[in-house]
Every structure is written in C-alpha cells, then in structure tokens.
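Below is one structure, written out as structure tokens, with a few remarks after it.
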Amino acid sequence: MVQLQMNGQVLAQRYQIEASLGKGLGGQQTYRALDRSTSQPVVLKLLQFGPGFEWEQLKLFQREAQILETLDHPAIPKYLDSFEIDGPDCKGFVLVQTYIEAQSLEEQLTTGRAFSVAEVTQVAEQLLAILSYLHQHSPSIIHRDIKPSNILLRGRSAHHVGEVSLVDFGSVQNLVATQGGTITVVGTYGYMPPEQFGGRAVPASDLYSLGATIIYLLTGMHPADLPQRELRIEFEQHVPKERRLQRWLRGMIEPALDKRFESAEQALEALQSGRALAKDAARGRPAGSRIRLRDRGDRLIIRIPNPSLGKGINLPPVNGWGCGLAVVMWWIWVTWMGVSWGSKLLLWTMSLLLEKWLFIDDKSVSVEYRLLGQLPMHRRQSRRQYVTQVEVVKAHRRQDKWGTRELPAEIIIWAGNHDYRLSKVGGLTTPEVAWLSQEVSDWMGVEITDRQVPLIEPEKKGT
C-alpha cells in the first residue's frame, strides 16, 4: 500500500495533509490534516485497496462511519465527512473526523507520567460516563478496543486529571450487527475479555477492557505481562493497597460475565460508593442472621455467636463479678462431681458459651475464641501472604465407626496448611455461606472454590 507522507498533499481538493498519526486496524493510516474550507484541523482515516486488503476491513470501516454519524458526545470525535479516492497511486476510502489536540494515556505513560489513585479514579469515572452513553443506544454500541492508546487526556490541573476522550471506533459494533452473520474478532490482546475472543461482545466486555486499562495506569505494566490464574489477571501485588479500588477492579475484570459488573451505571455507582460486587444480591447480611461483620477499611472483623446463647440475651461483661461467678460455678462443679467430671462438664459448658471471631488485615488472618464474646480463650494466626483460597464446604453427612454424622456447611480460609474455619453450631445457612464467602474473597482478593463432597462421605483412613 502507498504511504501518504508528503506534507501539503490535498485530498478531495479540500483536506491538506500535515502529519501522520500512525496506523490503525487492518493497516489503516491516520493523518492530521487541515480543512481548507474551515481552517480547522481534522483527522483523516484512510483505508486503501491493495495487497493484503480484505473486504471485512471495508465492512468495519463503513460501520465506523455509520455509527460515528449517529453520535453526539463532547468526549467522542464527530463525524465530518467520508469519500472515495481513485487516484493512480492510491485507491480507497477516507473518513474525516474532528481533531482533538491531546496525548493518549499510552503516550503519557511512555514519557514517564505516573497516575495516582485519585487520578485513575477520575479517568474511570469519565470513561464510564462515555460508555454509559454508548451502551444506552438502541441497539447498544460496543467499542471493543478500549486501551490506553485509544484514550486521550488534556487540560490537566493541580486538582483534576483532565478531560478524557475516547477515540478510534474502528472496532465498534452494535448488537444488531451480531445477528445472522459472521462475527469479526477484533480487539487488543491483554484488554479483551474471554467472550470477545469467541467473537461475542456485550456492553460488559467494554468494562473488562476499561478495568485492564486502569490496571495498566496503576502498574505501568501491560495486562498481558501480569500473572494470571484461571484467566483472571492477578494485579493486586502490583497496585497500591487501596482495598476498595482493588475490589472494584476485580468486579471489572472478572472472566465470567455473570460475576462482572453488568453495566457502566452499576460500575460507576460501585466506584463512587465503595461497593465492589458485581451482584448486589450477595451484599447484605441475610435477614435473621446473628453473624456480625464489620469492615473498618484496614481490618475485617467477623463475629459468629454460638446459637446456644439464644437470641436477645444480654450477658454480663466478663470482668469483675462475671469472672468471679465463673470461678464459683467451676468450684461447685468440682466439689460436687469430682475433678475429672467437673472439669469435663466445665469445658462442655464453656464450649456452649464460646464465640468465634475472625480478624483479617493486611498482615495477618486469625481466629479467636472468646468466652461470652468478651474473654479471649484461644487464638490462632497466620500471615496474610500465605492465604491462597477461600473454600466453601456444603452441608453433608459422614459415615464412620460411630455411625452417620451430620456435618454442617462451613467456609475455610486456607493459609498454607493451616485452615481457618467459619462455621457455627447447626451450620451456616445457604445465604450466609454466599454472603460471607464473597465478602472474605473480595476483601482478600482470593478465589472461592467449592469442595466437592458426596452426600454421604465415607470414613477417612486413620479416623
């Protein structure tokens, strides 16, 4: 294909080429030009016929022109003109758009600019507003190639990151275009969600690409260069320890569509409010549950009371006369039943009065048992860095030498070979399991796995 490089060359007797802006999808060439009729700078996108040309490129080129002609948003280039050229050295089509004087995020990162958490949050908010505008069209307009080089930024001030613009709609698709025809797989590796590799793109696909872009801004690393686990980008160790932003990013880049944010509006609301889950249904404590969860920002505290204490009972503080009463009760039991049986009865009674507390922060995870919810009795702790997964075990039965036992549902946090169990007498309910496992998974940034157990588990060797 012929590269138009000479400054001053005029197309359609109107557009004077001033500089090359690079190449786009399918070898398209992009130029900055001067519209001599208005004396305004414009962008020319040229698709040439020649060796390597494919008709699918023309289809995408025409779709870009058609969709841009319907858009009217200050952060999106406006369609101005399109025409065919048929010269001796160049044949093809040209699309004319408004020119935005700004550097791309890619260029700014390359020149050494670093983005703070506050700045990337502002970038994300502006892009989500643009995506909301595109996705609310009927049919929805999907960009399919959101990445740092397609996002322009200008007008930076001391208190604001600047104005964001989204460009290069060469990969754009509307949902009608996916019906009854072949889907062209377009996009950029590292920014494309799994479903887009299969030729399917939905509005949530743009959210994944935006999430990957934000990760790039925070880390300075291409998403494809970061480690992955089960198709999920593991970015947490490379970005600032801003837990809410990390949780929000996980909701953006979930490989599974049913776990990702569904819409730009939902993602924007979550970013601004601090909520992180893509599915609101799993957020709140189930009605009737006595489990308490407190998120202090730098620490997560989960309190699992013992059902044997009953509901609505106000127990005395375990200090002063409360401790004295416990000692007197133990002495009576020992005197009446003997040391052996008295001690066993005391331990059994104490087990009915113990509460389990789970503490998670940036350095450690620990379980503590407290008598009457206040007096610490036993504590186990591991380093946070050793935590690998949150395992959900459903209620089941186990057959052993003592017969068939009912084993309640529980959640297990694995830190190396050490397990920290969230369970209660009678078992966690299904809503409690869904709620707690998702909260812990989101807070710690680890995956949830389901342990597959039979309805009746056979006796284990050595038991």
Here the residues within segment 122-147 that are in contact with a Leu (Cβ under 6 Å, 6 or more places away or on another chain) and surrounded by fewer than 22 Cβ atoms within 10 Å (Cβ to Cβ) are PRO139, SER140
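Conditions tested, residue by residue: (1) of a type in the set (Asp, Glu); (2) part of a helix (DSSP H, G or I).
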{"residue": "PRO255", "(1), (2)": "no, no"}
{"residue": "ASP258", "(1), (2)": "yes, yes"}
{"residue": "GLU265", "(1), (2)": "yes, yes"}
{"residue": "LEU268", "(1), (2)": "no, yes"}
Identify all residues within segment 250-268 that are crowded, with 21+ Cβ neighbours inside 10 Å and among the basic types (Lys, Arg); write none if there are none.
ARG250, ARG260
Report, ordered by the first and then the second residue, all pairs with beta carbons closer than 6 Å, sequence separation of six or more or different chains, a first member in segment 48-71 that is farther than 17 Å from GLY187 by Cα, and a second member that is exposed (fewer than 13 other Cβ atoms within 10 Å of the Cβ).
none
The listed residue being more than 20 Å from LEU257 (Cα to Cα), of a type in the set (Val, Ile, Thr) and outside the structural domain of PRO240 (by TED's automatic domain parsing), out of ILE130, ILE85, ILE151:
ILE85
Among the residues of segment 437-449, is any among the charged types (D, E, K, R), modelled with pLDDT under 85 and either part of a strand (DSSP E or B) or touching a Cys at 6+ places or on another chain (Cβ under 8 Å) (or both)?
no
Run VAL239 past the list (1) more than 18 Å from the chain's Cα centre (by Cα); (2) modelled with pLDDT under 95; (3) among the β-branched types (Val, Ile, Thr) and report the number of the one that doesn't hold.
(1)
Return the residues of segment 23-73 that are of a type in the set (S, T, N, Q) and not in a helix (DSSP H, G or I); say none if nothing qualifies.
GLN28, GLN29, THR30, SER37, THR38, SER39, GLN40, GLN48
Cβ-Cβ under 8 Å pairs, at least 6 apart or on other chains, segment 409-420 side surrounded by fewer than 17 Cβ atoms within 10 Å (Cβ to Cβ), far side hydroxyl-bearing (Ser, Thr, Tyr):
GLY416/SER382; GLY416/TYR386; GLY416/THR388; HIS418/SER382; HIS418/TYR386
Filtered residue count, segment 367-387, keeping only those that are polar (S, T, N, Q), loosely packed, with under 14 Cβ neighbours inside 10 Å and either at pLDDT 85 or above or in contact with a helix residue (DSSP H, G or I) (Cβ under 8 Å, 6 or more places away or on another chain) (or both):
1
Given the criteria within 18 Å of VAL172 (Cα to Cα) and free of Cβ contacts under 8 Å to residues at least 12 places away in the same chain, does ASP86 qualify?
no
Just one of GLU119, GLU163 is under 27 Å from GLU236 (Cβ atoms) and either surrounded by fewer than 22 Cβ atoms within 10 Å (Cβ to Cβ) or not acidic (Asp, Glu) (or both); which is it?
GLU119
Taking segment 74-88 as the region of interest, how many residues are at pLDDT 95 or above and acidic (Asp, Glu)?
1
Could you list, in sequence order, all residues of segment 89-106 that are within 27 Å of ILE214 (Cα to Cα), of a type in the set (D, E, K, R) and out of contact with any Ser or Thr (no Cβ under 8 Å at 6 or more places or on another chain)?
GLU101
Looking at segment 338-366, which of its residues are touching a strand residue (DSSP E or B) at 6+ places or on another chain (Cβ under 7 Å), surrounded by 17 or more Cβ atoms within 10 Å (Cβ to Cβ) and either at pLDDT below 80 or in a helix (DSSP H, G or I) (or both)?
LEU353, LEU354
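The values are calculated or read from the model by the stated rules, or taken from the named source; none is laboratory data. Bear in mind that the values here come from a model prediction, so they are computed numbers and not experimental data. We place every Cβ from the backbone using ideal geometry, glycine too, and count neighbours over all the protein chains shown.
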